[in-house]
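The values are calculated or read from the model by the stated rules, or taken from the named source; none is laboratory data. On a predicted model such as this, the values are computed, not experimentally measured, just so you know. Methodologically, a virtual Cβ is constructed for each residue, glycine included, from the backbone with ideal geometry; neighbour enumeration extends over all protein chains shown. The area values use the complete protein model at the heavy-atom level, side chains included, leaving out ligands, DNA and RNA. Shrake-Rupley method; radii C 1.70, N 1.55, O 1.52, S 1.80 Å.
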Amino acid sequence: MNYKLNTELIKSKMLQKGYSITKLASISQISKSTAARAVNGQGTQRPQTIYKISKSLDIDTKDITL
């Protein structure tokens, strides 16, 4: 199953932590293109990707899924 993300929350947390898309991708251990698609709300994301992003941004996974 794939999920949409709360991109505003992700962008806000990235700004607070000073993360670029490249840094988010590196810390989350996902590709830069996957990170960019997630941050920009393009397509749907797999649960593994959501978990990695939420963990790297210290957000609960239920808070970033729509």
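General observations
- Matching residues, the stretch 7-26, being at negative phi, more than 11 Å from the chain's Cα centre (by Cα) and not hydroxyl-bearing (Ser, Thr, Tyr): Leu15, Gln16, Lys17, Lys23
- Positions within the stretch 1-33 being assigned to a loop (DSSP other than H, G, I, E, B), touching a Lys or Arg at 6+ places or on another chain (Cβ under 9 Å) and not aliphatic (A, V, I, L, M), in sequence order: Asn2, Tyr19, Gln29
This table checks each residue for (1) among the polar types (S, T, N, Q); (2) out of contact with any strand residue (DSSP E or B) (no Cβ under 8 Å at 6 or more places or on another chain); (3) at pLDDT 95 or above.
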{"site": "Asn2", "(1), (2), (3)": "yes, no, no"}
{"site": "Leu5", "(1), (2), (3)": "no, no, no"}
{"site": "Glu8", "(1), (2), (3)": "no, yes, yes"}
{"site": "Tyr19", "(1), (2), (3)": "no, yes, yes"}
{"site": "Leu24", "(1), (2), (3)": "no, yes, yes"}
{"site": "Ile27", "(1), (2), (3)": "no, yes, yes"}
{"site": "Lys32", "(1), (2), (3)": "no, yes, yes"}
{"site": "Ala35", "(1), (2), (3)": "no, yes, yes"}
{"site": "Ile64", "(1), (2), (3)": "no, no, no"}
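- Residues of the stretch 34-66 that are open to solvent by 100 Å² or more (accessible area, probe 1.4 Å), touching a residue at least 24 places away in the same chain (Cβ under 8 Å) and not in a loop (DSSP other than H, G, I, E, B): Lys55 alone.
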